[in-house]
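The values are calculated or read from the model by the stated rules, or taken from the named source; none is laboratory data. Please read these numbers as outputs of a predicted model, since none were measured by experiment. Cβ placement follows ideal geometry from the backbone for every residue including glycine, while neighbour counts extend to all protein chains displayed. These area figures cover heavy atoms from the full protein model, side chains too; ligands, DNA and RNA do not enter into them. Shrake-Rupley method; radii C 1.70, N 1.55, O 1.52, S 1.80 Å.
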Amino acid sequence: MLRKMKSAAIGINKNYSCKNEYAPIKKVITAAPLYMQIEEAINETQKYYMKENIDRSEALRQHSNFIHVLRHEGIEVIELPVKKNLPEQIFTRDIGFVIKNKLFISTMAKNIRQTEVDIFKDWLEERGMDFKLCFSGIEGGDVVVDEDTLWIGCSQRTSFQAICSLEKEFPEHTIKTVQLEKNMLHLDCAFNIIGRDTAIIYPPAIDEASYHLMQCQYHLIEVTNEEQFNMGPNVLSIGNKTVISLPENKRLNHKLHEAGFEVIEVEFSEIIKSGGSFRCCTLPLLRG
């Protein structure tokens, strides 16, 4: 059962702030799955569901309920304009990321997704909001922020060269590059920091050296193969040790409860067919 409604922020705050992945979310960018479908399989999950594909009406219902939950928790939810021929637009996390007080706009690896970035840029420019064009070859799903440490996934979507460029942008931060297993889309599909000392992880997707570094810094809650297929690590931490998670991942949710987290279970089974879950569907602009 949801807790008592909190008052949401009103209007558009031009400030950005993201120092970690677990402070309370104040403002977030989303996009409805109006045209969501698997046209060209661009990840392993989509390949699995290609024939079954996506029930768009159910996806819309589930996403609408997710937005309701966010607003119920006092989060200002901004919904970007949605356009045809953009089946992946729901995954707003990939098109940008905030580090400290800077918003970066991603350069998408797949041409099918580049128009999503243009829509976001237009939206920002219309409102006079500042942003910085990102280094070629880095997507938001590979960027995980924890105070003065940046965990960056080196994946098929984010290059080592782009990570080096980001390191120059933030010389005061420690950049920890995580080499991902070939079939892992983004870092946040295998590693997600949900609290000051807690993270969810799928060890087979991450190089051994990075895993040991993470093990030294966090209490790691490991997911099973089945939970990984159900996008287990891709929960959304909304702050105050509260996470939004899939009801199907019962064992994982129990582990989260044991670690002292409140878990809000939200149906998202139709959305995850395209290879992303709650974190992938949100781009926080303001945390804290």
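Gaussian network model of the chain, Cα springs within a sub-10 Å range: biggest mean-square fluctuation belongs to which of LYS102, LYS182, LYS51?
LYS51
Quick one: accessible surface of ARG71, probe radius 1.4 Å, all protein chains present, in square angstrom to the nearest 10.
100 Å²
Report the full-extension gain for the segment LEU34 to LYS110: residue separation times 0.36 nm, less the Cα-Cα distance, to one decimal in nm.
Gain on extension, LEU34 to LYS110, equals 25.3 nm.
Please give the contour-minus-distance gain from ASN53 to PHE229: 0.36 nm per residue of separation, less the Cα-Cα distance, rounded to one decimal in nm.
61.8 nm
Protein chains only, probe 1.4 Å: how do LEU286, LEU60 rank by accessible area, largest first?
Accessible-area ranking of LEU286, LEU60, largest first: LEU60, LEU286.
Between the stretch 134-184 and the stretch 214-265, what's the alpha-carbon centroid distance in Å?
Using only Cα atoms to place each centre, the spacing works out to 23 Å.
May I ask which of LYS102/LYS168; LYS26/LYS83; LYS47/LYS110 have a Cα-Cα span longer than 19 Å here?
Details: LYS102/LYS168 14 Å; LYS26/LYS83 26 Å; LYS47/LYS110 16 Å.
Table pairs above 19 Å Cα-Cα are LYS26/LYS83.
When ligands, DNA and RNA are left out and all protein chains stay put, how many square angstrom of accessible area per residue does the stretch 193-270 have with a 1.4 Å probe?
43 Å²
From Cα pairs below 8 angstrom and at least 6 apart in sequence, can you work out the relative contact order of the chain, rounded to a whole percent?
Computed over the chain, the figure is 26 percent.
Give the carbon-plus-sulfur fraction of the accessible surface of the chain in %, rounded to a whole number; probe 1.4 Å, heavy atoms of protein chains only.
Taking all protein chains in place, the chain shows 49 percent carbon and sulfur surface.
Give me the net charge for the shell around GLY153: Cβ to Cβ below 11 angstrom, other residues only, Lys and Arg +1, Asp and Glu -1.
Counting the neighbours of GLY153, the net charge comes to -3.
With a cut-off of 8 Å between alpha carbons and a minimum separation of six or more residues, what is the relative contact order of the stretch 54-144 in percent? Intermediate results must be reported in sequence, preceding the final value.
Details: 87 pairs, mean separation 24.6, N = 91.
RCO, the stretch 54-144: 27 percent.
Per residue of the chain, what 222 nm ellipticity follows from adding -39500 (n - 2.57) for every DSSP H run with n ≥ 4, rounded to the nearest 500?
Numbers: 7 runs with 70 residues, N = 288.
It lands at -7000 deg cm²/dmol.
With every protein chain left in place and a probe of 1.4 Å, what is the accessible surface of GLU52, to the nearest 10 Å²?
120 Å²
Give me a comma-separated list of calculated 3J(HN,Hα) values for the stretch 27-34, in order, Karplus coefficients 6.51, -1.76, 1.60 applied at θ = phi - 60°, integers in Hz, x for any Gly or Pro.
8, 9, 9, 9, 8, 6, x, 4
Which of THR198, THR174, THR92 moves the most in a Gaussian network model of the chain with Cα springs under 10 Å?
Ranking THR198, THR174, THR92 by mean-square fluctuation puts THR174 first.
Calculate the translational D of the stretch 160-277 in whole µm² s⁻¹ from Stokes-Einstein, where the hydrodynamic radius comes from the Kirkwood formula applied to all Cα pairs, the temperature is 10 °C and the viscosity 1.306 mPa s.
106 µm²/s
Which of these, MET50, MET108, MET231, has the largest mean-square fluctuation under a Gaussian network model of the chain (Cα springs below 10 Å)?
MET50
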